[in-house]
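Report on one structure; see the data block that follows.
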Amino acid sequence: MTITTTERNRPFRVLSDGWVCAKRNLIKIKRVPEIMVFVLISPIMFVLLFAYVFGGAIDPGLGLDYKEFLIGGIFAQTVVFGATFSGAAMAEDMQKGFIDRFRSLPMSRSAVLVGRTGADVVYNVLSLIIMALTGLAVGWRAHEGLPKMMAGFGLLLAFAYAISWIMAWIGLIVPSVDVINNASFIVIMPLTFVSNAFVPLRDFPAFLKPFVEWNPVSAVTQAVRELFGNVPDRAPEPEAWSLQNPALYTLIWVVLIVAVFVPLSVRAYQKASAK
């Protein structure tokens, strides 16, 4: 079978058109500055709230300061919440008819999705920078050096990027922005709070522990704590394989989510643009 020049250049076209769409989403910050306010203020609020409100009530054990235990969980929660921008934006574009306009343009069909999820990465990078600075201000430190700290941030961004594709798919199949906001809240709240992000595993009831152990949010939280050096050396090894190998388990989830929801999102977008 002969591969045409157009087919050979298709991946480059998707990336090029996706970058244009990503810039379009980022330019919206100038027109709707409230987006940037949420991106910057929310991480600060979460760090301060949990550090000073719950810091005196929760003991992570083994002499570990709660602020160091907390920051990995706050990072995980915030990037997952930040990934919901894709779903809300896609639902808004559907509702306002922008999908019909994109259909008339000479551009790759999947570029809109690539640009939208790519813009989420930029939002999450800003959130991580603000959270890291706020964490340093309240006493958090990364003890394993810059390479491992950057690896932890990279893992968080990869996980958030995968979640963005789930939210983009939901945003394409729901009728309004209100529905996507409610749907994302219902999904994300249990994932983040029924995890080891804010409370040690030992403090959960026995019937919840299996869910906490295999929850991907627990895995990414455990992974970044290890990469940041926020796990005491004498801490007992977790019993579940998912927490014994948290970085690998997180990457497995990233690959599975992307493999499933990228095709689903592209198909849903094609159906929506064909109406």
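Could you list, in sequence order, the residues of region 128-156 that are of a type outside the set (A, V, I, L, M), in contact (Cβ under 8 Å) with a residue 12 or more places away in the chain, assigned to a helix (DSSP H, G or I) and farther than 16 Å from residue 70 by Cα? Within region 128-156, 148 is the sole residue that qualifies. When region 234-252 is filtered for residues that are free of Cβ contacts under 8 Å to residues at least 40 places away in the same chain, open to solvent by less than 70 Å² (accessible area, probe 1.4 Å) and either over 19 Å from residue 159 (Cα atoms) or in a loop (DSSP other than H, G, I, E, B) (or both), the ones remaining, listed by number, are 238, 240, 245.
Scanning region 158-176 for residues that are part of a helix (DSSP H, G or I) and farther than 16 Å from residue 80 by Cα returns 172, 173.
For region 159-187, filtering for residues that are under 19 Å from residue 249 (Cα atoms) and among the hydrophobic types (A, V, I, L, M, F, W, C) leaves 6. Using the structure shown, decide if residue 179 is touching a residue at least 40 places away in the same chain (Cβ under 8 Å) and in a loop (DSSP other than H, G, I, E, B). No: the conditions fail for residue 179.
Just one residue in the set 202, 225 is modelled with pLDDT under 90 and in a helix (DSSP H, G or I); that residue is 202.
If only residues of region 33-73 that are in contact with a Pro (Cβ under 7 Å, 6 or more places away or on another chain) and in a helix (DSSP H, G or I) are counted, the one that is modelled with the highest pLDDT is 69.
The values are calculated or read from the model by the stated rules, or taken from the named source; none is laboratory data. Just so you know, these numbers come straight off a predicted model, no measurement behind them. As a convention, Cβ positions derive from the backbone with ideal geometry for all residues, glycine included, and neighbour counts pool all protein chains shown. Surface accessibility is based on the protein's heavy atoms, side chains included, excluding ligands, DNA and RNA. Shrake-Rupley method; radii C 1.70, N 1.55, O 1.52, S 1.80 Å.
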